[in-house]
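The values are calculated or read from the model by the stated rules, or taken from the named source; none is laboratory data. The structure displayed is predicted, hence computed values, not measured ones. Don't worry about glycine lacking a Cβ; one is built from the backbone with ideal geometry, like all the others, and counts go over all protein chains shown. We work out accessible area using only protein heavy atoms, side chains counted, and drop any ligands, DNA or RNA first. Shrake-Rupley method; radii C 1.70, N 1.55, O 1.52, S 1.80 Å.
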Amino acid sequence: MLRIGMLTSGGDCQALNAAMRGVVKCIYNRADDKIEFYGFEDGYRGLIYSKFRMLTNDDFTGILTRGGTILGTSRTPFKTIREPDENGLDKVAAMKQNYYKLQLDCLVILGGNGTHKTANLLSEEGLNVITLPKTIDNDLWGTDMTFGFQSAVDIATKAIDQIHTTASSHGRVFIVEIMGHKVGWLPLNAGMASGADIILLPEIPYDIDKVIDKIEERDRRGSRFTIIVVAEGAISKEDAKLSKKDYQKKLANYAFPSVSYELADQIQKKTGREVRVTIPGHVQRGGEPCPYDRVFASRLGAEAGKLILKKQFGFMVGYKNREMVKVPLAEVAGKLKSVSPDADIIKEAKMLGISFGD
């Protein structure tokens, strides 16, 4: 008998279902023993509070193209995982107890950075864990690509594409705020794909005067509009010089809904130009996965199934140099894959005339 638990944790994204389906189909097709799959509901909460259900073949039928997650998800911050809950429950001990109560042979965890910190903790506590890299931000260390990213790029690109016609018709500056709180892979790729003129990323603090220089340069060339793609975590050079404490204090008293609105206010005051802000928001992580993500997530799931059958645990299935790889969880947990200001893609974007406000 082979007993496998599964959970999806953190923010949802496209292809979570496709990835789980890949694990299940691989194991069903290759295992000799009888198999039982248990799905924990709403991420780590299900593992903590013993909320689970046995999964059957029917649960994995017709979900390749379905967005979201059939198991539900939630955020369980790693920084509080060692703290008792409001009733004094030891969360780590509870997760281990439920793992052993079900006599699980392995726990498959799908998630992003915070999820992998807890997954590594459980692995260090002696549980057999395999993880799959999920996030629209593509910021997980140890893998060139995460599933959900390409689908989000497609959606964000289409949103920016739609702005071009109204921006050109009215001769306006349009700011499109794209998800990316700590890293800028999503706004960078969507901005390049949609022909944005300016892209502002968390990793490259911007100078408002350089942003305005680009707008005015386009004006001199006869362009009626400017498209600015702004990561939700973009930061000015002035704010980047602040201590973390002072920056948090500024945000606590922030006069604007987000950095995009502050940027719009500055541009309007300095240039007199009409500026509009558009925020696609959670649309970027919703809906069905694109074909790339369906294939990619399925491949990751199959590789995870192979590791389980080989009894090789404590790894994340990653993708490096166009090959599937297994990456020790200890190497993944707590690390971010950021956009380097010196990366080739940044240099190439600048060759195309894109400004990063630096």
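Some observations on this one:
- Restricting attention to region 18-31 and to residues that are in contact with a strand residue (DSSP E or B) (Cβ under 9 Å, 6 or more places away or on another chain) and part of a helix (DSSP H, G or I), the residue that is nearest to GLY286 (Cα to Cα) turns out to be ALA18.
Matching residues to (1) over 26 Å from the mean Cα position of the chain (by Cα); (2) among the charged types (D, E, K, R):
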residue: TYR38; (1), (2): no, no
residue: ARG45; (1), (2): no, yes
residue: ILE48; (1), (2): no, no
residue: ASP59; (1), (2): no, yes
residue: GLY72; (1), (2): no, no
residue: PRO77; (1), (2): no, no
residue: ASN87; (1), (2): yes, no
residue: VAL92; (1), (2): no, no
residue: GLN97; (1), (2): yes, no
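- Only one of the listed residues (GLU303, GLU274) is open to solvent by 40 Å² or more (accessible area, probe 1.4 Å) and in contact with a Lys or Arg (Cβ under 6 Å, 6 or more places away or on another chain). That residue is GLU274.
- Of all residue pairs spaced 6 or more apart or on separate chains, those with beta-carbon atoms under 7 Å, a first member in region 183-210 that is among the charged types (D, E, K, R) and a second member that is in a loop (DSSP other than H, G, I, E, B) and modelled with pLDDT of 95 or more are ASP197/ILE354; GLU203/VAL183; GLU203/GLY184; GLU203/SER338; GLU203/VAL339; GLU203/PRO341; ASP207/GLY357; LYS210/GLY357.
- GLY357 being farther than 19 Å from ALA190 by Cβ and touching a residue at least 40 places away in the same chain (Cβ under 8 Å): no
- In region 73-101, the residues that are part of a loop (DSSP other than H, G, I, E, B) and either open to solvent by less than 30 Å² (accessible area, probe 1.4 Å) or among the hydroxyl-bearing types (Ser, Thr, Tyr) (or both): THR73, SER74, THR76, ILE81, ASP85
- Listed by first and then second residue, the pairs linking a residue in region 52-80 that is free of Cβ contacts under 8 Å to residues at least 24 places away in the same chain to a residue that is buried (at least 18 other Cβ atoms within 10 Å of the Cβ), with Cβ atoms under 6 Å apart and 6 or more places separating them unless they lie on different chains, are ARG53/GLY39; MET54/TYR38.
- Criterion (open to solvent by less than 10 Å² (accessible area, probe 1.4 Å), of a type outside the set (Gly, Ala, Ser), more than 23 Å from VAL259 (Cβ to Cβ) and in a helix (DSSP H, G or I)) met by exactly one of LEU122, LEU132: LEU122
- Considering residues of region 177-199 that are aliphatic (A, V, I, L, M) and within 18 Å of the chain's Cα centre (by Cα) only, the residue nearest to PHE147 (Cα to Cα): LEU186
- Test result for PRO341, on the phi < 0 side of the Ramachandran plot, part of a loop (DSSP other than H, G, I, E, B), surrounded by 19 or more Cβ atoms within 10 Å (Cβ to Cβ) and not aliphatic (A, V, I, L, M): no
- Of the helices (runs of 4 or more DSSP H) lying entirely inside region 166-285, those containing at least 2 residues that are farther than 24 Å from ASP154 by Cα span 208-220, 237-240, 244-252, 259-271.
- Condition met for ASP293 (of a type outside the set (Val, Ile, Thr) and either open to solvent by 50 Å² or more (accessible area, probe 1.4 Å) or closer than 30 Å to ILE208 by Cβ (or both)): no
- Of residues in region 14-47 being among the aliphatic types (A, V, I, L, M) and open to solvent by 10 Å² or more (accessible area, probe 1.4 Å), the one farthest from SER74 (Cα to Cα): ALA31
- Selection of region 318-333 for residues being assigned to a strand (DSSP E or B) and farther than 11 Å from VAL129 by Cα yields GLY318, TYR319, LYS320, GLU323, MET324, VAL325, LYS326, VAL327.
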